[in-house]
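Presented below is the structure to which this report refers.
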Amino acid sequence: MGDTSRNYEQGYRSALTRDDKQLFRRQYCEKSVWKGISLTFVNLSAIYAAITAGYAALRLLDTPIIAAIITLLSLIVVTRQMRALENIVHFGSHNNFCTDKVFNDRMTNLLAAWPMLQDVMQYRIFHSAHHGDFGAHGDPCKERLERIGASGLEINSNGQLIYAILVWMPSYVREFYNEVKSSSRQLAIFLTWHASVLAGLTAFGSWQFAAYTALVWSASMFLILPFLRSIAEFSEHDYQRGDTVRETTFNNLGLLDHALLHPAGDAWHALHHLHPTVPWWKQGSAHRFLMAKDEAYRQVQHRDHLIQNIAHFPVAANGVPAGNDSSHSKTTYPSGMVPTAAE
């Protein structure tokens, strides 16, 4: 196991040929201001479209059950899109939005970070430490798990996972906002952003619709989103599995991951740590390229379910156990999540 006084080994020895490496950089490490803006705007707009659908259902439908179902579905969509915006802030902190770093931060803030009460520059501070000090005492994500008591626990079912997260939730929310803490100036910007949107909704709609929007946004952000975010973050790393990024970081490839927990590229989290210059809209295609051409990448940890007690030891991409050391069978996984073969 890794020594927490030092960083875990980062990167990996790629099996790509020189030509394939050049091809990978050309095809999958692009920066596109128009793709960044348009895709982020679509994710942001989907929140208000879902809120509108829920509001219309409550106002126009005569069947309470159907109206309630539509409203519930709209709430799920809103929260899912908020996760997407958070994923985009994460990639924006790596300057994946566009080539101009100043414009990168402005667009990331305007379309993703400020709506989520975050600032990409502040986010970059602690997230850079996560990459640079991965696995060591300076890794904020590892330290957060330790502070809330989530490190070293064995969880073997979805029910246990949900119960554990509910127990950890107050501490988790406090720790998360301590990391993305904002100045009074930034808080004023966040409030101005939301006040401007609500003023527009009042002017072009009604004050009732604006009030409904504020209520749904608040419920999604402060009640539902922390639960989804905590599941997503607990599924990204298992620091006790080894002492390298490749051994302790996962690609989460299940339907639930793509649909709800990691909707904007973050499902391929191992790929991101190994190739952080790949933008969120290229994650899937970059993963498929590497799976086809890079034998070393195929040995990265992949799984398609949140809770996988499939084996007592890691399984490589080709389905062969990664090692036959009997000590693997005694490993305790902090989140109880054991990797399976790659797709």
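With runs of 4+ DSSP H residues as the only contributors, calculate the mean residue ellipticity of the chain at 222 nm using -39,500 (n - 2.57) per run, divided by the residue total and rounded to the nearest 500. Rounded to the nearest 500, the figure is -17500 deg cm²/dmol. Across every pair of non-identical alpha carbons in segment 33-234, the mean reciprocal distance, once inverted, gives a Kirkwood radius of 18.4 Å. A Förster radius of 41 Å, combined with the Cβ-Cβ distance separating TRP193 from ILE69, puts the computed FRET efficiency at roughly 0.85.
Computed over the Cα atoms of the chain, the ratio of the radius of gyration to the Kirkwood radius (Rg/Rh) comes to 0.98.
Across all C-alpha atoms in segment 196-273, the radius of gyration and Dmax reach 18.2, 56 Å.
Every number here is computed from the coordinates shown, using simple stated rules; none is lab data. The model shown is predicted, which means the values in this text are computed figures rather than measured ones. With ideal geometry, Cβ positions are generated from the backbone for all residues, glycine too; neighbour counts draw on all protein chains shown.
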